[in-house]
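Report on one structure; see the data block that follows.
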Amino acid sequence: EHSWVGDLRVTLTRFEDLTTLTLIDRPGHPASTFGCSEPDILCELVDDSPFPAENECATDLAALQGSLRPDESLATFRGADLAGTWQLGVADLEPISTGRLVQW
């Protein structure tokens, strides 16, 4: 939940080899100086989606919804042990709006 998803950068890190991927990076930039001004992310990130998360900005249910393609390919993690140590990072790059991670 976040009031302005164009402020957000979402990363996934696997600590065993210190690999970090950028999954979502300020959707709507640079098309709009301020990015997508709609609230919330409710999506599944899959490499084979024809819809890049970067270009989404829906005005119903959530700004980013459905199956979307991450900024960097999840194939980088192919073969990685799922039992390893993983961290999802969510950074709000603007100080005005707020949000919270509900589930991942």
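The values are calculated or read from the model by the stated rules, or taken from the named source; none is laboratory data. No experiment lies behind these values; they were computed from the predicted model shown. Every residue, glycine among them, receives a Cβ derived from its backbone with ideal geometry; neighbour counts consider all protein chains shown. For the accessible areas, the whole protein counts, side chains as well, though only heavy atoms, and no ligand, DNA or RNA atoms are used. Shrake-Rupley method; radii C 1.70, N 1.55, O 1.52, S 1.80 Å.
Odds and ends about this structure:
- Check on Thr85, over 13 Å from His2 (Cβ atoms), open to solvent by 90 Å² or more (accessible area, probe 1.4 Å), modelled with pLDDT under 95 and hydroxyl-bearing (Ser, Thr, Tyr): no
- When Asp25, Asp40 are screened for being touching a strand residue (DSSP E or B) at 6+ places or on another chain (Cβ under 6 Å) and open to solvent by less than 50 Å² (accessible area, probe 1.4 Å), only Asp25 passes.
- Extreme residue, most open to solvent (accessible area, probe 1.4 Å), among residues of the range 50-82 that are under 27 Å from Phe15 (Cβ atoms), among the small types (Gly, Ala, Ser) and more than 14 Å from the chain's Cα centre (by Cα): Gly79
- The strands (runs of 3 or more DSSP E) found wholly in the range 1-46 include none carrying at least 2 residues that are of a type in the set (S, T, N, Q), under 13 Å from the mean Cα position of the chain (by Cα) and at pLDDT below 95.
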